[in-house]
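Here's the structure we're looking at; comments come further down.
The values are calculated or read from the model by the stated rules, or taken from the named source; none is laboratory data. Please read all numbers here as calculations on a predicted model, not as lab measurements. Here the Cβ positions follow ideal geometry from the backbone for every residue, glycine too, while neighbour counts run over all protein chains shown.
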Amino acid sequence: MELPVVNHPDYEAKIGDDNKFPIKKFGELANFLKKEKVVKKFYKPESCSIDTLKEVHSEEYILKIKNKTLEETLVKKIGFPLVDSVVRRSLVATGGTVLAAKLAINYGIACNTAGGSHHAIYDEGAGFCVFNDVAVAAKYLLNRGLANKILILDLDVHQGNGNAEIFKNENNVFTFSMHSKVNYPPIKSKGDLDVELEQDMEDEQYLDILKKNLIFLNDFNFDFVFYIAGVDIHLGDRLGKLKITDIGINRRDEMVIKNFFERRIPICGVLGGGYNKDFEKLIELHASLHKNCAKYLNGKK
């Protein structure tokens, strides 16, 4: 069975070559997954509707993004210029995670080739995040009775503060973030379980901490998992402060996917952050998520 993977050409917005966000990674990752025969054909998402976005974000904020009337200070906080292609990308990438979540329920596992915009809160974006796609998709599933107890497993190097804020009073969503203690955001939010990692941590210690936390999380009997598979934990990342190797990232993805797939808990994998100094390496690292999901879906453990 082919892994269901969601992608759209509009994930690649026009933000200018001087922006430090590697926007071209979305198109190159899609090409790489085809070349590596992980997928033959992508599922193409629609723009996320205002009604679905309103389940997480304020209508005023949504309309200011759509109409490109957001205050300049808040645009700077996001880090992208507020141009048509960024608006389009934000809507389509959020729709992509909603679609991937529905596909995960049908197939047991599915991925987006974008997503993980975990710094966006109710009425603001931040840190290259306009809309919080995982929060939107989680609310979509809950409000339609498609899931009842959701885990957001966030392994980006930066804390998933947006998810912590959005779901702080939501008993049906558990937010877990395992992140660099000394990295962005400077002031951390309180999630359901936050694990702060010391600077320059290497593979074995990282994987040991993750394994212990997965064992703990298994007792909660979640019925859906969003996995934010940020690769900014890599030793070559420009914005990370950890020293995880290629092998470490692959082992991490294997560990997470095996843990939930073998328990028959649907998994939706999203990209998360990645700012590697080596662009080709960045694409390979992001593809680890999709390769490992495909491997387990096809029983090649």
- request: Could you please find all residues in the range 257-278 being part of a helix (DSSP H, G or I), touching a helix residue (DSSP H, G or I) at 6+ places or on another chain (Cβ under 8 Å) and buried (at least 22 other Cβ atoms within 10 Å of the Cβ)?
  value: 257
query: Is at least one residue of the range 200-209 of a type outside the set (D, E, K, R), modelled with pLDDT of 95 or more, under 26 Å from residue 136 (Cβ atoms) and assigned to a helix (DSSP H, G or I)?
result: no
- prompt: How many residues does the range 186-199 hold that are outside any strand (DSSP E or B) and either among the aliphatic types (A, V, I, L, M) or within 19 Å of the chain's Cα centre (by Cα) (or both)?
  reply: 6
message: Suppose the filter is touching a Ser or Thr at 6+ places or on another chain (Cβ under 8 Å) and either crowded, with 20+ Cβ neighbours inside 10 Å or part of a helix (DSSP H, G or I) (or both); does residue 249 pass it?
response: yes
message: Looking at residue 183 and the list (1) part of a loop (DSSP other than H, G, I, E, B); (2) surrounded by fewer than 19 Cβ atoms within 10 Å (Cβ to Cβ); (3) in contact (Cβ under 8 Å) with a residue 40 or more places away in the chain, which single condition is not satisfied?
response: (2)
message: Among the residues of the range 14-25, are any under 21 Å from the mean Cα position of the chain (by Cα), surrounded by 14 or more Cβ atoms within 10 Å (Cβ to Cβ) and not in a loop (DSSP other than H, G, I, E, B)?
response: yes
statement: How many residues of the range 182-199 are modelled with pLDDT under 95 and either of a type in the set (Val, Ile, Thr) or on the phi > 0 side of the Ramachandran plot (or both)? The answer is 2
- request: Report whether or not residue 173 is surrounded by 14 or more Cβ atoms within 10 Å (Cβ to Cβ), modelled with pLDDT of 95 or more and closer than 13 Å to residue 233 by Cβ.
  value: no
message: For the structure I just gave you, tell me whether residue 209 is among the β-branched types (Val, Ile, Thr), surrounded by fewer than 16 Cβ atoms within 10 Å (Cβ to Cβ) and within 18 Å of residue 154 (Cβ to Cβ).
response: yes
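Here's the yes/no breakdown for (1) among the acidic types (Asp, Glu); (2) not in a loop (DSSP other than H, G, I, E, B):
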| position | (1), (2) |
| --- | --- |
| 118 | no, no |
| 156 | yes, no |
| 170 | yes, no |
| 177 | no, yes |
